[in-house]
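Below is one structure, written out as structure tokens; comments come after it.
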Amino acid sequence: MTHELWILAIACLMGISCALVGALMVLRKMAMIGDALSHTVLLGLVLAFMITGSRSITVMFMGAILVGLITVFLTDFLNRMGKLQKDASIGIVFTFLFAVAVILISVYTGEIDIDQDHLLYGEIAFAPFDTIEWNGRDIGPRAFWMLLLVAIANLVFITVGYRYLQAIAFNASLAAALGMTVNLIHYALMTMVSLTTVSSFEAVGAILVVAMLVIPANTAYLISKSMYSMIILSVLFAIAASISGYYLAVWADASISAAIAMMAGFIFILVLVFFSPDSLLHRIKQSRPIQCP
Amino acid sequence: MVNLFIEFWHLTDPNVVWVLSGAILLGSSTGVLGSFLFFRKRSLIGDALAHAALPGVMSAFILFQTRDPFVILGGAIVSCFIGFFFIDYMVKHTKIKEDSALAIVLSLFFAIGIFELTYIQKLDIADKSGLDKILFGQAAALVQSDVIILGIAALLSLTIVVLFYDRLRLITLDRQFAQSLGINVPFYELLLTFAIVLSVVIGLQIFGVVLMAAALLFPVAAGRYWSDSLPCILMLCALFGAISGAASANISYLAPQMPTGPWMVVTLSLIFFISMCFAPNRGALMRYLRTTRNRNKTHDENLLRTFYVICERLSSYHESLAPEQVLSVRNMGTNALRKSIKRLLKHGMIERDNTLYRLTEKGLNEAEKITRYHRLWELYLTNRANIPAQMVHDSAENVEHVLTPELEHRISDELGTPVQDPHGRVIPSSDPFVGGIRS
């Protein structure tokens, strides 16, 4: 495959896996936890690398899962034991963990293969050069295989747990009353978000993961009436943003991942203004007086 | 390193003085303004606003091709406001929830900013290097003219708080009450937003876009543990903000290649952690000690009353009892019982008699007092609240530990100094024993 196709494939896979879990996060009103997780998995990445000295996929995933769960746990802990508001505890936990990660990176520059700026906006253009081998043969970019793995895992997770996820997304107390272990499903979802974040991380960086988690899902949220259609639509929007974003970046010669997030935002605003039931356009139409013949 | 540290605090280098005073001023203004967001339960909006400033900075640079602080500040303020109103619109007029609206604005604006930044880096403009320092902050990069302008802006946002303190406090703590008083709430909200945007925008230089949320949030979260009054908390916020500003200026001087934002967050986390654990009243440690003390007191009093009740059945108040006898009457963990016995022995409430224990005179008086509270309350509930006699015990179990002698007198007077509780048992007299004989 050519360089361009690899990048497009990576971008689309990233968009798909983010949109899948993003839809669930948005329905559970946890968009800002997604923001927090996308910052803190960096610490997992850095610590895993510092302790083991390897950049293998397993090590990175372990680090991300661990730190992701620590983030969620610490947030709950501050909320309950520290008697702090929920959003304040999110803000405190993620800024602290992220700051520690950035300091570790800047102290051990050269030893850790992560650049300060790239951790924010990634460099997808270089992703195809970082290939892995299987049985001595070059099988393509690392990021591609990682994202493929995570996209499939997310798909399986949602298909298997669809009824549970639906129940806790709309009515957690009903889910508890039906005998579901809400906390287990919650932490499972957080684990999937951490995995998605860490695998997208190298390609697109922290903030743009948030964009892909939140923006396509909210675009779909505006116009869909069921969770099923919302998930499908958010995946479609994410793919559209990935492809159009890539060509925008090529045209302007700027960061690909930023362009993808911008296109996601552009589609969002388009839908917000023209197509959603509570869009400006609809309201103007409705406010017109009814004309009698 | 140590030499540099000493050199920094000697303040001989005029640039150090400028950077230090600027950092202190910026730190305290963000700390104070952040507390208003905190009390309106919108802490994370600071994060979104800081990210929303980035495209403004970059657009201003692309349009005017200058690093003039006025131009950059202006661009940042404009794009912050656009972000703010976009959030506001989404929350009020669409079905998008607040947290999603924040995350959308945060990531979208940041993406636009990064897009422009990477675009600028490939353009051929002089003076473009160092623009990316705004991401993580760089206090040492401040020069005198920057500090003057940033300082004026910081003072402006603090002045707004001081001048309109009463109104801002009202709309922050009780918006509806402020509305009912006829205060022009939208205007003051806009003013507050302006002050917040101003302090966010000027703070970027030191703290950086990514970690600005921390500069707004940590001081007030830490200050909240120390006090319950708003002026006091605001003072603490200013102090904590100033400390973190000074610390980050210092670090930036010692290690110029290091980003300052993360170090500032670590400094603030330390302050926050200390406050959370050790603050009097609201600190975790003090709360833990208080609950333990209360639990122990409850256990001890329960044990004394159990001794009394058993002795009462045997009609002999100095009977020696085995711990097993106590357990047969009262459901209590053996561990809690052992510890409670140890404490009562230490305080001279009970004494050891071989393997058995008996009440001392002091213990008997204390046990009588608690029993009296218990039975008085049972009687009060049956007589005055018409609760059936078999249902009053559980309430009395709780109330016996919190009644005071004063309340006891009033209840007793109200019931006409009764002698029998609803279960037909004697209510012990309030007069103490002396030498085995009631005085």
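Each reported figure results from applying straightforward, stated rules to the coordinates on display, with no laboratory input. Nothing here was measured: the structure is a model prediction, and the numbers come from that model. Please note: Cβ atoms are built from the backbone with ideal geometry, for glycine as well, and neighbour counts cover all protein chains shown.
Rounded to two decimals, the Cα-based Rg/Rh of region B:255-364, with Kirkwood Rh, is 1.38.
Note on region B:20-68: Cα-only Rg and Dmax are 14.2, 40 Å. A cut-off under 13 angstrom between Cβ atoms defines the neighbours of B:A213, and their net charge, with Lys, Arg +1 and Asp, Glu -1, is -2.
Rounded to the nearest whole Å³, what is the per residue volume of the convex hull around the Cα atoms of chain A? Taking only Cα atoms, chain A has a hull volume of 177 Å³ per residue.
Set the Förster radius R0 to 45 Å, insert the Cβ-Cβ distance between B:K362 and A:F77 as r into 1/(1 + (r/R0)^6), and round the FRET efficiency to 0.05.
The value I calculate is 0.55.
Each of A:I269, B:I171 was scored by other Cβ atoms within 10 Å of its Cβ. Arranged with the fewest first, they read A:I269, B:I171.
Springs between alpha-carbon atoms under 10 Å, Gaussian network over chain B: tell me which of B:I104, B:I82, B:I350 tops the mean-square fluctuations. Looking only at B:I104, B:I82, B:I350, the biggest GNM fluctuation is shown by B:I350. Apply the Debye scattering formula to region B:348-405, with a single equal point scatterer on each alpha-carbon and no solvent, then give log10 I(q)/I(0) at q = 0.26, 0.30 Å⁻¹. Calculated log10 I(q)/I(0) at the listed q: -0.95, -1.11. Across peptide B:207-217, the mean count of Cβ atoms from other chains lying within 10 Å of each residue's own Cβ comes to 4.
Ordering of A:167-173, A:33-39, B:173-179 by packing is A:33-39, A:167-173, B:173-179, highest average first (other Cβ atoms within 10 Å, averaged per residue). Counting every other Cβ atom within 10 Å of each residue's Cβ, A:L208, B:L268, B:L344 order from fewest to most as B:L344, B:L268, A:L208. Our coupling estimate for region B:324-336, obtained by passing each phi through the Karplus curve with A = 6.51, B = -1.76, C = 1.60 and θ = phi - 60°, is 5, 4, 4, 5, 6, 9, 10, 7, 8, x, 5, 5, 4 Hz, Gly and Pro reported as x. Per-residue 3J(HN,Hα) values for region B:275-292, derived from phi via the Karplus relation 6.51 cos²θ - 1.76 cosθ + 1.60 with θ = phi - 60°, read 4, 5, 7, 10, 4, x, 6, 9, x, 5, 4, 5, 5, 5, 4, 5, 5, 4 Hz in sequence order (x marks Gly and Pro). In order along region B:229-234, the Karplus-derived 3J(HN,Hα) couplings, from 6.51 cos²θ - 1.76 cosθ + 1.60 at θ = phi - 60°, round to 9, 4, x, 5, 5, 4 Hz, and Gly and Pro are given as x.
Remark on A:I132: its backbone amide H falls under 5 Å from those of A:I139, A:G140, A:R142, a criterion applied only to residues 5 or more positions apart or on other chains, H modelled at 1.01 Å from N.
For region B:299-367, the percent of C-alpha pairs falling in each 10 Å distance bin, counted from 0 to the bin holding the largest distance, reads 23, 64, 13. Fully extending the segment from A:H3 to A:V273, taken as 0.36 nm per residue of separation minus the present Cα-Cα distance, adds 93.6 nm. For chain B, the longest principal axis of the alpha carbon atoms and the long axis of helix B:361-384 meet at an angle near 80°. For the residue pairs A:K86/B:K95; A:K86/B:K297; A:K83/B:K369; B:K41/B:K95; A:K83/B:K362; A:K29/B:K133, the alpha carbons lie more than 29 Å apart in A:K86/B:K297; A:K83/B:K369; A:K83/B:K362; A:K29/B:K133. Taking amide H as placed 1.01 Å from N in the peptide plane, the amide H of A:S276 sits under 5 Å from none that are at least 5 places away or on another chain.
Ranking A:I90, A:L178, A:V102 by Cα position along the charge dipole of region A:48-205, where only Lys, Arg, Asp and Glu carry charges on their C-beta atoms, puts A:L178 farthest toward the positive end. Taking B:R67, B:R287, B:R352 as the candidate residues, the one with maximal mean-square fluctuation in a Gaussian network model of chain B, Cα springs under 10 Å, is B:R352. Largest GNM mean-square fluctuation across B:L289, B:L304, B:L381, computed for chain B with C-alpha springs under 10 Å, falls on B:L381.
Scaled against 2.2 N^0.38 Å for its residue count N, the alpha carbon radius of gyration of the protein assembly as shown is 1.19. Charges were assigned to the Cβ only: +1 to each Lys and Arg, -1 to each Asp and Glu. The resulting dipole of region B:272-362 about its Cα centre is roughly 560 debye.
Put in line by how crowded their Cβ is, counting other Cβ atoms within 10 Å and starting with the fewest, B:W263, B:W377 read B:W377, B:W263. For region B:5-95, the equivalent ellipsoid built from the Cα gyration tensor has semi-axes of 32, 21, 8 Å, listed from largest to smallest. The equivalent ellipsoid of chain B has semi-axes of 66, 26, 18 Å, largest first, where each one is the square root of 5 times an eigenvalue of the Cα gyration tensor.
Per-residue shielding of A:256-266, expressed as the average number of other chain Cβ atoms within 10 Å of the residue Cβ, stands at 5.
With the cut-off at 13 Å, report for region A:143-215 the share of all Cα pairs above it, as a whole percent.
68
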